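What follows is one structure encoded as structure tokens, with my remarks underneath.
The values are calculated or read from the model by the stated rules, or taken from the named source; none is laboratory data. Computed from a predicted model, the values in this text were never measured in an experiment. Neighbour counts are summed over all protein chains in view; Cβ atoms, including those assigned to glycine, are modelled from backbone coordinates with ideal geometry. Areas reflect the complete protein model, heavy atoms only, side chains present, ligands, DNA and RNA absent. Shrake-Rupley method; radii C 1.70, N 1.55, O 1.52, S 1.80 Å.
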Amino acid sequence: MANVKISGVSKSYDKTEIIKNLDLEIADKEFIVLVGPSGCGKSTLLRMIAGLEDITAGQISIGDKIVNNLEPRERSIVMVFQNYALYPHMSVYKNISFGLRAAKMPKEQIKKRVTEAAEMLEITDLLERKPSELSGGQSQRVSMGRAIVREPSVFLFDEPLSNLDAKLRTTMRAEIKKLHRTVGTTMVYVTHDQVEAMTLADRIVVLKDGIIQQVGTPMDVYRNPTNKFVAGFIGSPEMNFINSKDGMTLGIRPEHIHLENTAPNNSRKIRATITLIEPLGAETLITANYQGTSITTKTPGQVDMEIGQEIKLLLDMEHAHLFDADGDRV
């Protein structure tokens, strides 16, 4: 088990700076999720922890060891990719045990580790199959099993669920969360999907242009975004933004905008025209135009409304945020 410390780390390609003097401490056994849009530097940072990318400046430590000059195999880490990279000619058992066999581990010890990992991941009945006989979810479990048997100090995940369909992603999120509880190992997980970040992380690290925007628990980042970028990136549907004449921007989440007669007393009332209705079963998303700004509200159940209808919306100002012209929260 190990903590990870990133101190003043930068990464440049020629004159393009990808990571900019970044500091981050990840506690032993913590599940950290690096999240941000494409090009923010999250995968580059993960690859630098793994030793797959050289750092331009700064220092990375795993446990009490500085790893800047260590090869990936010397860092006590394993990496799980979105591409499962299974050997097609080998059985599941041989795929999972490949690294242990390469390290000349005794057969009985290999069998014990593979059996334990297979039971943990519920793939015991798949051990004799070939990768071509597996579904996407099963293949990802095998990939994780191959990582588990090596008993690393740190697990690194690089968008491991991006190739799965929506239902399987939900299932595998639960499996990864359960895996963390079971093995109790430090995990660093990269994704562009803020839903994955919210559901998996002990703490979220939000990145933009190689700079950390905010670090915090999922609910702290959701409820108290440090700037307009974080407020808009975290949350689905995203936060609504309404510009004011004095240069300030009001931010408010869809669940804090209510239909008339359903809001708290301190609400601000506005009139808007419905442009889209999205019934989702247990709730309905209503998008409306307010003075040229598109606003989305999330309301429980179904609604008897139609596009083009004028409605009154009530903004719960207790949950509103104000951002200045630079996007910083005030």
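Values for this structure:
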{"item": "Principal semi-axes in Å for the stretch 26-93 [√(5λ), Cα gyration tensor, largest first]", "result": "24, 17, 13"}
{"item": "Choice from G301, G251, G39 with maximal GNM fluctuation in the chain (Cα, 10 Å cutoff)", "result": "G301"}
{"item": "Helix axis angle, 166-183 relative to the chain longest principal axis, alpha carbon, degrees", "result": "60 degrees"}
{"item": "Helix-only CD estimate at 222 nm, as mean residue ellipticity for the chain, using -39500 (n - 2.57) per DSSP H run (n ≥ 4)", "result": "-7500 deg cm²/dmol"}
{"item": "Compactness relative to 2.2 N^0.38 Å, alpha carbon Rg of the chain", "result": "1.18"}
{"item": "The stretch 76-230 - Rg (one decimal) and Dmax (whole number), Cα, Å", "result": "16.9, 55"}
{"item": "With Cα atoms, 0 to 90° folded angle of helix 136-148 axis to the chain main axis", "result": "60 degrees"}
{"item": "Along principal axes, Cα extents of the stretch 64-122, largest first, whole Å", "result": "35, 28, 22"}
{"item": "Where labels lie 7 Å past Cα in the beta-carbon direction, separation of R271 and Q302 in nm", "result": "3.0 nm"}
{"item": "On Cα atoms only, tilt of 107-121 relative to the major axis of the chain in degrees", "result": "20 degrees"}
{"item": "Mean shadow area of the stretch 3-150 over all directions, Cα convex hull, nm²", "result": "10.4 nm²"}
{"item": "Separation of the D209 and A174 label points, Cα + 7 Å toward Cβ, nm", "result": "4.1 nm"}
{"item": "Length gained when the stretch D23-E128 is fully extended (0.36 nm per residue, less Cα-Cα span)", "result": "33.3 nm"}
{"item": "Accessible-area composition of the chain, carbon plus sulfur, in percent [1.4 Å probe]", "result": "47 percent"}
{"item": "Coarse-grained scattering of the stretch 221-305 at q = 0.21, 0.23 Å⁻¹, given as base-10 log I(q)/I(0) from a Debye sum over alpha-carbon atoms", "result": "-1.12, -1.30"}
{"item": "Gaussian network model of the chain, Cα within-10 Å springs - most flexible of T284, T56, T185", "result": "T284"}
{"item": "Convex hull projection area averaged over all views, the stretch 177-330, Cα basis, nm²", "result": "11.0 nm²"}
{"item": "Semi-axis lengths (Å, descending) of the ellipsoid that matches the C-alpha gyration tensor of the stretch 122-187", "result": "19, 16, 10"}
{"item": "Cα-Cα over 28 Å, subset of K20/K245; K20/K228; K228/K312; K167/K228; K167/K298; K29/K228", "result": "K20/K245; K167/K228; K29/K228"}
{"item": "Evaluated over the stretch 167-238, the Cα radius of gyration and Dmax, each in Å", "result": "12.7, 37"}
{"item": "For the chain, built as a Gaussian network whose Cα springs stay under 10 Å, the top-fluctuating residue of S153, S267, S61", "result": "S267"}
{"item": "Efficiency of FRET from Cβ geometry, S12 and E318, R₀ 35 Å, rounded to 0.05", "result": "0.20"}
{"item": "Pair A57, T293: separation of 7 Å Cα→Cβ label points (nm)", "result": "3.9 nm"}
{"item": "Inter-part distance where the stretch 132-173 and the stretch 17-61 are each reduced to a Cα centre, Å", "result": "21 Å"}
